[in-house]
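**Student:** Below is one structure. I have some questions about it.
Derivation of every value follows stated rules applied to the coordinates shown; laboratory data play no part. Model, not experiment: these values are computed from the prediction. For neighbour counting, all protein chains shown are included, and Cβ atoms are generated from backbone atoms with ideal geometry for every residue, glycine included.
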Amino acid sequence: MTSLSTLDQRPGRRAWRLLATCSRGLEGVVGAELRAMGAAGVEEGRGVVEFSGGLEEVYRANVGLRAAMRVLLHLTQGEAGGREALFALASAVAWEDWVRPEQTIVVDAAGRTQAFRNSGFAALVVKDAVVDRLRSRTGRRPDVSRTDADVRIHLHLQGTHASLALDASGEPLAHRGYRPRGGPAPLSEALAAGCLALAGYDGRQPFVDPMAGTGTIAIEAALIATATAPGLRRHFACERWPCHSGELLASVRATAAAMRRSAPVPVLARDVNPRAVAAIRHNATAAGMGGVVRVERGEVRSLPVQAPGTVVLTNPPYGERLGEPTELKVLYRGLGDTFKQRLPECTVWILTGNPELAKSIGLRANRRVQVFNGPIECRLLRYEIVAGSPRHRSTG
């Protein structure tokens, strides 16, 4: 990736080096989102997309990105072959521009090097450097808060190098606020939105998730269909930065809110489990999509025949957390027949982390996209359902 390290990182300047992190496989989606926002210098890496801009671009990215996990503001990078080198690297950052004396900080570390096999120790070195610099410049030292820090500092270690960045998002962008965290086999909201983008869904096609679980994919589809920015109703870590502008953020939110529209076509979420159906209704209402997502209880094989051109995207259980292997094979085996009977002239996408199970569908996928659900390597498989065509043995 082209280095943007020469860009001015002082608060209020427009030429910050910014990073949007994402699940592997979604870099192209996030890059396209940023370009659509008018971001400059967009370059896609591995699990991260670089771009440049100022405070307004930070706000736009936080409010509008669907497939990203965090927005970071890059501060510095360099050699960190030992404690002294890392301490010197962190000490050279003008922390007094980013942290007020009365604020709290936390350092989150990821990766490791030969010198820092324990990322916690590396985080402690950076914390000491930040505290010492602020004490020498302001006469006060900030406290550390691991639960609700005002300023979150990200340290990334790789090879003999380290990079430091400020977290502009705080709570991951995938946490939209409409779904309780945890629970069985959760699918990230950002991954759901990313898969919808990979499927070419833009909200103008009828949409169905026949195995909707807690409704994440259908709700994200509804947010796309209504052009509702995913971050409209939440707060961000950058709101605690000294350079934060409430007026500018309000303007960004207002611009995003003005783009909302009525859903042009239906969004349907179905599940056979009554508890899942209740969860879908609750989560859709919490997301403000209760009037957009139509919720039904029913088995996949009883799915009503859908109109040609309908987009279907679903994430059936694939054995990592839910379902027994024998039961899952039976489930997947029935999906192919259901697709043929109920979804003629439709496009079906399956997200699965088990290629062997995917073979049981009995249809040939004409596109396979590698994505990651956390640490789990998955495939997003596309099936073009043509009425009357023969079944083929899938290659997964």
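**Student:** If you split all Cα-Cα distances of the chain into 20 Å bins from zero, what percentages do you get per bin, shortest first?
**Tutor:** Histogramming the chain at 20 Å steps yields 26, 50, 22, 1 percent.
**Student:** Relative to the longest principal axis of the chain, what angle (0 to 90°, nearest 10) does the C-alpha long axis of helix 325-342 take?
**Tutor:** Compared with the principal axis, the helix lies near 70 degrees.
**Student:** Suppose R0 equals 41 Å. What FRET efficiency, 1/(1 + (r/R0)^6) with r the Cβ-Cβ distance, do N273 and N366 give to the nearest 0.05?
**Tutor:** 0.85
**Student:** Quick check for you: which residues of the range 14-49 have the amide N under 15 Å from the point 7 Å beyond the Cα of Q158 toward its beta carbon?
**Tutor:** Of the residues in the range 14-49, 18-25, 27, 43-49 have backbone N under 15 Å from the label point off Q158.
**Student:** Could you give the angle, 0 to 90 degrees to the nearest 10, between helix 27-36's Cα long axis and the longest principal axis of the Cα atoms of the chain?
**Tutor:** 80 degrees
**Student:** Let me ask another. Less than 14 Å Cβ to Cβ from R253, Lys/Arg counted +1 and Asp/Glu -1: what total charge do the surrounding residues give?
**Tutor:** +1
**Student:** Further question on the same structure: Between S251 and A227, what length in nm is gained on full extension when 0.36 nm per residue of separation is reduced by their alpha carbon distance?
**Tutor:** 6.9 nm
**Student:** Here is a follow-up. Take R297 and R117, extend 7 Å from each Cα along the Cα→Cβ direction, and tell me the distance between the two endpoints in nm.
**Tutor:** Label at R297, label at R117, 5.5 nm between them.
**Student:** Return the calculated 222 nm mean residue ellipticity for the chain, to the nearest 500 deg cm²/dmol, obtained by summing -39500 (n - 2.57) across DSSP H runs with n ≥ 4 and dividing by the residue count.
**Tutor:** -9000 deg cm²/dmol
**Student:** Residues in the range 346-371 near a label at V305, defined as backbone nitrogen under 17 Å from the 7 Å Cα→Cβ point?
**Tutor:** Under 17 Å, as judged by backbone N against the label point of V305, lie 346-347 of the range 346-371.
**Student:** Then there's this: Sequence gap at least 6, Cα distance under 8 Å: using those rules, report the relative contact order of the chain to the nearest whole percent.
**Tutor:** 14 percent
**Student:** With labels modelled as points extended 7 Å from the Cα through the Cβ direction, what inter-label distance (nm, one decimal) is found for E327 paired with T285?
**Tutor:** 2.9 nm
**Student:** So who's got an amide H within less than 5 Å of the one on G290, skipping anything under 5 residues away but keeping other chains? H placed 1.01 Å off N, in plane.
**Tutor:** T285
**Student:** Please identify which residues in the range 66-100 have an amide N closer than 14 Å to a label point set 7 Å out from the Cα of D148, following the Cα→Cβ vector.
**Tutor:** Taking a point 7 Å out along Cα→Cβ of D148, no residue of the range 66-100 has its backbone N under 14 Å.
**Student:** Under a GNM of the chain (C-alpha, springs under 10 Å), which listed residue has the highest mean-square fluctuation: E384, E44, E247?
**Tutor:** Looking only at E384, E44, E247, the biggest GNM fluctuation is shown by E247.
**Student:** Now for a separate question. Apply the Karplus curve 6.51 cos²θ - 1.76 cosθ + 1.60, θ = phi - 60°, to the phi angles in the range 210-216 and return the couplings in whole Hz, x for Gly and Pro.
**Tutor:** In residue order, the calculated couplings are x, 9, 7, x, 8, x, 4 Hz.
**Student:** Which angle between 0 and 90 degrees, to the nearest 10, do you get for helix 55-64 versus the longest principal axis of the chain when only C-alpha atoms count?
**Tutor:** Once rounded, one gets 20 degrees.
**Student:** Can you tell me the dipole magnitude for the chain around its Cα centre, using point charges on the Cβ only (Lys, Arg +1; Asp, Glu -1), in Debye to the nearest 20?
**Tutor:** 720 debye
**Student:** Which order results if F207, F116 are arranged by neighbouring Cβ count within 10 Å, fewest first?
**Tutor:** Result, fewest neighbours first: F116, F207.
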